[in-house]
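Chemist: The structure's right below; bear with me while I get my questions together.
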Amino acid sequence: MRKVIRLTVVVCLFVVSINAFSQSNLKSTSGVKLEKKISENLFGIFFEDISYAADGGLYAELLQNRSFEYTSNDKNGWNPLTAWEYVNKGYGYGTVSVETALPVSSNNRHYIELNVEEVGKEGVGLINFGYDGIAVRVGEKYDFSCFIRQISDKSIPIRVILQNKKGKLLGEATFNTNSTKWEKYSTVITATQDYDSARFVILAKSTCKFALDVVSLFPHKTFKERANGMRADLATIIADLHPKFMRFPGGCLVHGDGLANMYNWKNTIGPIEERVEQRNIWNYHQTAGLGYFEYFQFCEDIGAQPLPILPAAVSCQNSGGTWVVGGTGQRALPLSEMNSYIQDINDLIEYANGAATTTWGAKRVAAGHAASFNLRYVGIGNEDKMTPEFKERFELIYSAIKKSHPEITVVGTAGPAPSGEDFEKGWEVAKKLSVPVIDEHYYEKPTWFLSNTHRYDQYDRNHSQVYIGEYASQGNTLFNAVSEAVYMTSIERNGDIVKMASYAPLLARIGNTSWNPDLIYFNNVQVVPSVNYYVQQLFGRNQGDVYYNSVLFGTDAQDSTLGLSCVKDSKTGDLILKIANAGTTAKTVTANLKKLGIAKTAVAQKQLLVGQPNEQNTLLEPKKVIPTSTDQTIGNSFTYESPAFSLTVFRIKANEIKK
Ligand code: AHR
């Protein structure tokens, strides 16, 4: 009987204290754990080329199917001339054919031959419709380039123009060809008007025959004005999340639809005309224009640690659509190819970090980046089925990287769900091999997030750390977003075992969404961050590396709709309080800041995201729910009425503490 009573008391104490703090490293003299070190890279982003996130999205190329590599294998009905049309402005006459005999690169097989028999008044050529048109802005410069091989002897006058839907000129440039070999030509078109859905036209202005490939048009103002760079508005919105890391290039895209479709990083570097384009598992096409160099560069530009995910030498278990008769399921590389596969991974690490004197480091330097990209993490596998084939290959890869690059932290994988067979087996592999970090994924209802805030409190601190590589609560309403916020306070509380976390997916082009919900929606002219985005942003911009227990208290320690956390950012010395309320009523929260050295009063920046539970941001109302920011004087012990369906962040600057 005595034993039973003691146990009850212990359990109650545990429940009361766990909401604020369950595992800590430091103890006060009274024995109560006060603070602990947590991951300094906790919140980052997951980028996958899904829903046109790369081509037609972040990658700023304005022309679609620039290398004539689309096929019906990418998507039913597509072919090398998709997004293009023959034009004979002014009654000229000619023929267009798709050829493969003498390509600009053997990696890039298809090109166009244009035979102009009658030039007419305005020339003969091709029109490109971009991705649902091309948005241009008056006075802005657009960098054009293409490869041409003259087949007829004489130099060919070429005119490139931007025009509106009715054919009205919006900007132009001209140049002359000068070679019967493949030659790159570049020029600049300045837009004379704003227009949201322009077309691009390339016209030959003489009777001639020539081959044409890799026809490209970029806004000159890409993010940080990088050549072959990122769309500035999208990149800026992403950078505004202040992500500590960026996972790329997926997702399922990584392990691919069959072995031949696995993402091969070596196919994505070097001059764009030499990159290997391929089908996108999400039923479109990857130009590989946004390749590994650009990913690394972008990570550096937004201050995020790169986290590339590589296939574990097996393809996606849904390859070929296993739910459809004829699907192939997971396929594994033959063991005889594993040495060379592992060498490719070592080469990637050398490409990112190696000196200019190394084979792959030299390629990075030649691409314009002399310094190392400071790669510290490599993920192996993406929510793979835990078959014997997977396990064998994962172990080979993991052991090899551990040996050749002990400085790299390998991230393993634990299936597509928060529990179940692959989850259990993934963790078994991680424990057996002592994999330092393991990637968990979950797409669940908001109620799941609210009832699982204690998930990591129980995790054994003596095994692998966790990367929550993909999570989302299946919706873009404020209720979804705030439920995620409640959960994220529990991630912070467990930031000693959870090393990283990233919402997924990041981007979706409106009209081309392969997956819902997403964090940021966009079309050619508008970017619509979801309410979930603002939750990610409030957490991303207010990250800390020390977690404090017993600072914030609700009235009911078992209230699963209230999430509380208090962290310090050691770099700035700022203290940050987060209060997430996914409940239907306001909640009273008490803050006790005395022990943290706050003088009687301090001025805090208060950021508040609040609204009705079903509200969301849309194209028509892109700012329906966004955070507001005000300064508020707080005492070192204060109560706060946290509104229903809200996230509040108080940031107390270092100079306000102990003043
Ligand atoms: O985030 C979308 C997809 O969800 C990812 O590609 C995959 O890893 C997961 O199943």
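The values are calculated or read from the model by the stated rules, or taken from the named source; none is laboratory data. Here the structure is a predicted model, which is why all the values come from computation and not from measurement. Cβ: placed from backbone, ideal geometry, glycine included. Neighbour counts: every protein chain shown. These area figures cover heavy atoms from the full protein model, side chains too; ligands, DNA and RNA do not enter into them. Shrake-Rupley method; radii C 1.70, N 1.55, O 1.52, S 1.80 Å.
Chemist: Which values, in whole Å and largest first, are the semi-axes of the equivalent ellipsoid of region 84-219 obtained as the square root of 5 times each eigenvalue of the Cα gyration tensor?
Modeler: 24, 17, 13
Chemist: Taking 0.36 nm per residue of separation and subtracting the Cα-Cα distance, what length does fully extending residue 460 through residue 443 add?
Modeler: So the extension gain works out to 3.8 nm.
Chemist: Fully extended, how many nm does the chain gain between residue 169 and residue 328 (0.36 nm per residue separation, minus their Cα-Cα distance)? Intermediate values should be presented prior to the final figure.
Modeler: Details: separation 159, 0.36 × 159 = 57.24 nm, distance 5.02 nm.
Between residue 169 and residue 328, full extension yields 52.2 nm more.
Chemist: How many nm is it between the label spots at residue 193 and residue 556, if each spot is 7 Å from the Cα in line with the beta carbon?
Modeler: Computed distance between label sites residue 193 and residue 556 equals 6.2 nm.
Chemist: Okay, moving on. Under a cut-off of 20 Å between alpha-carbon atoms, report the lysines in cross-link reach of residue 224, not counting same-chain residues fewer than 8 places apart.
Modeler: Candidates past the 8-residue exclusion: 141, 244.
Chemist: Do the sum for the chain: with -39,500 (n - 2.57) for every DSSP H run of n ≥ 4, divided by all residues, what is the mean residue ellipticity at 222 nm, to the nearest 500 deg cm²/dmol? The partial results should precede the final answer.
Modeler: Working: 11 runs with 126 residues, N = 659.
Using -39500 (n - 2.57) per qualifying helix, the result is -6000 deg cm²/dmol.
Chemist: Please list 446-459, 194-207 highest first by mean number of surrounding beta-carbon atoms within 10 Å per residue.
Modeler: Descending packing order for the listed peptides: 194-207, 446-459.
Chemist: Run the numbers for residue 274 and residue 451: contour at 0.36 nm per residue of separation, minus the present Cα-Cα distance, in nm.
Modeler: 58.7 nm
Chemist: Give 221/499; 499/578; 432/578; 36/587; 445/623 a once-over and call out the pairs whose C-alpha atoms are over 30 Å from each other.
Modeler: Pairs exceeding the cut-off: 221/499; 432/578.
Chemist: Another question, then. Going toward the positive end of the dipole of the chain, with +1 on Lys and Arg Cβ and -1 on Asp and Glu Cβ, which of 638, 486, 115 do you reach last?
Modeler: Looking along the dipole axis, the top candidate is 638.
Chemist: Just to confirm the number: angle between the C-alpha axis of helix 421-433 and the first principal axis of the chain, 0 to 90 degrees, nearest 10?
Modeler: 80
Chemist: Hey, any idea what % of region 84-219's accessible area is carbon plus sulfur with a 1.4 Å probe? Intermediate values should be presented prior to the final figure.
Modeler: Working: 2800 of 5950 Å².
Accessible surface attributable to carbon and sulfur in region 84-219 totals 47 percent.
Chemist: Let me ask something additional. For region 268-386, report the accessible area per residue in Å² (1.4 Å probe, heavy atoms, rounded to an integer).
Modeler: On a per-residue basis, 36 Å².
Chemist: While we're looking at this one, here's another question. Suppose R0 equals 45 Å. What FRET efficiency, 1/(1 + (r/R0)^6) with r the Cβ-Cβ distance, do residue 260 and residue 138 give to the nearest 0.05?
Modeler: With R0 = 45 Å, the Cβ-Cβ based efficiency is 0.50.
Chemist: At residue 595 and residue 106, where each label point lies 7 Å from the Cα along Cα→Cβ, what is the point-to-point distance in nanometres?
Modeler: Result for the modelled spin labels: 6.9 nm.
Chemist: Follow-up. Output the pairs from 391/425; 89/184; 37/606 with a Cα-Cα distance over 18 Å in this structure; if there are none, say none.
Modeler: 89/184; 37/606
Chemist: For the chain, what is the Kirkwood hydrodynamic radius in Å, using each pair of distinct C-alpha atoms?
Modeler: That comes to 26.9 Å for the chain.
Chemist: Might you report the magnitude of the Cβ-based charge dipole of the chain about its Cα centre, with Lys and Arg at +1 and Asp and Glu at -1, to the nearest 20 debye?
Modeler: Using Cβ point charges on Lys, Arg, Asp and Glu, the chain gives about 1880 debye.
Chemist: Counting pairs of alpha carbon atoms under 8 Å apart in space and at least six apart in sequence, what relative contact order in percent does region 84-219 give?
Modeler: Normalised by residue count, the contact order of region 84-219 is 34 percent.
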